[in-house]
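> Below is the structure I would like to discuss, written out as structure tokens.
The values are calculated or read from the model by the stated rules, or taken from the named source; none is laboratory data. Fair warning: this is a prediction, and the values are worked out from it, not measured in the lab. Glycine also receives a Cβ, built like all others from the backbone with ideal geometry; neighbour counts cover every protein chain displayed. To get the accessible areas, we keep the full protein, side chains included, count just its heavy atoms, and leave off ligands, DNA and RNA. Shrake-Rupley method; radii C 1.70, N 1.55, O 1.52, S 1.80 Å.
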Amino acid sequence: MKEFQTIIGLEVHVELLTESKMFCWCSTRFGEPPNTQVCPICLGLPGALPVVNEKAIELGLSTALALNCKINKECIFVRKSYFYPDLPKNFQISQYVDPIAVDGHLCINNKNIGIFRVHMEEDTGKLIHDEKTHAWSGIDFNRSGIPLMEIVTKPEITEPSEAEQFLQELKRLISYIGVSDCNMEEGSLRCDANISVKLKSDTKLGTKVEVKNMNSFRSVRRALAYEQKRLISLFQNEKTIIQETRLWNETLQITESMRTKEEAHDYRYFPEPDLLPFRIENNIIDRIKSEMGELPQLREKRFEQQYNLSKYDSAILSSEKSIADYFEQAIFYYPKPKQIANWIQTELLGLLKETKKRIDTCDITPEALAKIVKMVDNNTINAMTGKQILREVFVSGIDPEAVVKEKNLIQISDNEQIGTIIDEILKDNPQAVSDYKSGKQQALGFLVGRIMKQSGGKVNPSIAKQILQDKLDKIDNKNG
């Protein structure tokens, strides 16, 4: 049986977090009315001259350094010529032979995926179609000229799932260093993929196909898996594989042919005459390195070692910089990493997902969470009450200690007081007592629930369960 090998390379486009566009002073703010953030430069009007956005270059350098790339000290911009309705100049200012950086890598699952190059360019406009009647199409040039960074991998990815993992790790890295918000819904992170298959015994790569129109990491995996299967089928049936660009149809879960694939010479690259070559000095690189901060993979490893957390916990807590920062701020107020980690993962992240809020903008501060965890650990309140307080503080922002005091939520741990409550519950629920003694263990849970309800959730559940068990055993002995 023939064994096939899949070869995948990714082209990832990232919109950069700048206030103005790549070559002009127009705003990059998302969601504004169409064609309200344009000028003669980004509209490509005759006589308009571009000026390079220095901040965009610095963000590109940050990414290149984080990806272990070699920085090209001398770079140029080029014109990439092609006609498309949302490109009014009929060319895009980009980079090709002398990009900002080359030859890097990103490690996933102990494997380095090579980075061929990182280059800077401007984004195009956006076509808007009448989806109901299909009677018209329009162009919004607000996006035209927004700073764009393209990260091109080497053809070293071998599985669709590996491509998805690479993108997830790349997104984490880029978000960490503040280069982009990586919001795929707003188009801040977009990915095209090149895929080919060959016999494992062959040394020559197969004919590649480009796949576009994938709007999520899951779509990338599914589109590549479909294309992998399609290409292997063509290969097995000795049919010709055409080098082309195909679109992913999310509804049908298939790829569809769009056009034959262009080659580099089709774009007629030549140096941009309106922009001089620019040089990147060592002092700029050193400054960007010093400002970059701890990268996510290093932070994840540090969480494991410094706080004695599991690999799973460390991965969750370092998945976003804001979550990692929140965690470390919380343990500053209450230095119990495992307890803080558990509450963030099981309670706080659930609330954030439920309310669609971010951890760095929610009303419960790291200090407030630390207070709740500490009160639970010290048996001032029980865990159930702690969860209720967490929800209240999440909504109101009020100090959790003030909530406990105001509502008299301090946990009841006095054995005599708990015993009195349990005596009443046993007296009022003879059937549950009988069920328990006949071997129905769920009756014990029912009785514990009644005790908690009777006490307003303030009884220490572990103490209550032990006293309840003792009393039930004595009743059993009397009847024995």
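> Per residue of the chain, what 222 nm ellipticity follows from adding -39500 (n - 2.57) for every DSSP H run with n ≥ 4, rounded to the nearest 500?
Calculated at 222 nm, the ellipticity per residue is -12500 deg cm²/dmol.
> Right, next: Round to the nearest 10 and give me the degree value, 0 to 90, for the angle of helix 54-66's Cα axis relative to the longest principal axis of the chain.
It works out to around 70 degrees.
> Moving on to the next point. In degrees, nearest 10, range 0 to 90: what is the angle between the Cα axis of helix 442-454 and the longest Cα principal axis of the chain?
Long axis of 442-454 versus the principal axis of the chain: about 90 degrees.
> Summarise the accessible area of the chain (1.4 Å probe, protein heavy atoms) by the percent that is carbon and sulfur.
Answer for the chain is 50 percent, counting heavy atoms of protein chains only.
> Follow-up. Kindly report, to the nearest 10 Å², the accessible surface of SER319 as traced by a 1.4 Å probe over protein heavy atoms only.
SER319 has an accessible surface of roughly 50 Å² with all protein chains in place.
> Then there is this: With a 1.4 Å probe and all protein chains in place, put PHE446, PHE303 in order of accessible area, largest first.
PHE446, PHE303
> Looking at region 353-428, which trypsin sites (Lys or Arg not before Pro) are DSSP coil and have at most 16 other C-beta atoms within 10 Å of their C-beta?
Listed in order of number, the matching sites are LYS356, LYS357, ARG358, LYS407.
> What ranking of TYR333, TYR436 comes out by heavy-atom accessible area, probe 1.4 Å, highest first?
Correct descending sequence by accessible area is TYR333, TYR436.
> Name the residue from HIS129, SER144, ASN183 whose Cα lies farthest towards the positive end of the charge dipole of region 124-191, charges +1 on Cβ of Lys and Arg and -1 on Cβ of Asp and Glu.
Working it through, the farthest residue towards the positive pole turns out to be SER144.
> Sorting CYS107, CYS24 by accessible area (1.4 Å probe), largest first, what list results?
Sorted descending by solvent-accessible area, the residues read CYS107, CYS24.
> Quick check: from the Cα gyration tensor, does region 92-171 come out rounded (a/c under 1.5), prolate or oblate?
Oblate shape, in that a/c is at least 1.5 and b/c is the bigger or equal ratio.
> Grab the alpha carbons of region 185-230, take their convex hull, and tell me the volume per residue in Å³.
76
> Rounded, prolate or oblate, given the Cα gyration tensor of region 162-278, with a/c below 1.5 counting as rounded?
Oblate is the answer for region 162-278, as a/c is 1.5 or above yet b/c matches or exceeds a/b.
> Taking a temperature of 25 °C and a viscosity of 0.890 mPa s, what whole-number D in µm²/s does Stokes-Einstein yield for region 10-136 with Rh from Kirkwood over alpha carbon pairs?
Answer from the Stokes-Einstein relation: 148 µm²/s.
> Size of region 95-228 along its principal axes in angstrom, Cα-based, largest extent first?
The Cα atoms of region 95-228 stretch 52, 34, 28 Å along the principal axes, largest first.
> If you line up the long axis of helix 461-479 against the longest principal axis of the chain, both from Cα atoms, how many degrees apart are they, to the nearest 10?
On a 0 to 90 degree scale, this one is about 40.
> Might you work out the accessible area of TRP136 for me, using a 1.4 Å probe with all protein chains in place, and round it to the nearest 10 Å²?
140
> Here's a follow-up. In debye to the nearest 20, how big a dipole does the chain give about its Cα centre with +1 on each Lys and Arg Cβ and -1 on each Asp and Glu Cβ?
1180
> Tell me the net charge near HIS119. Cut-off is 12 Å between Cβ atoms, HIS119 excluded, with +1 for each Lys or Arg and -1 for each Asp or Glu.
The answer is -3.
> Something else: Is the chain best put as rounded, prolate or oblate by its Cα gyration tensor, with a ≥ b ≥ c the root eigenvalues, rounded for a/c under 1.5, and otherwise prolate when a/b is larger than b/c, oblate when not?
Note, shape of the chain comes out prolate.
> Region 270-424: Rg/Rh from Cα coordinates, Kirkwood Rh?
Answer for region 270-424: 1.22.
> Looking at region 128-237, which trypsin sites (Lys or Arg not before Pro) are DSSP coil and have at most 13 other C-beta atoms within 10 Å of their C-beta?
Filter output for region 128-237: LYS132, LYS200, LYS204.
> Work out the charge dipole of region 387-462 with +1 on the Cβ of Lys and Arg and -1 on the Cβ of Asp and Glu about the Cα centre, then indicate which of ILE451, LEU390, SER438 is farthest towards its positive end.
SER438
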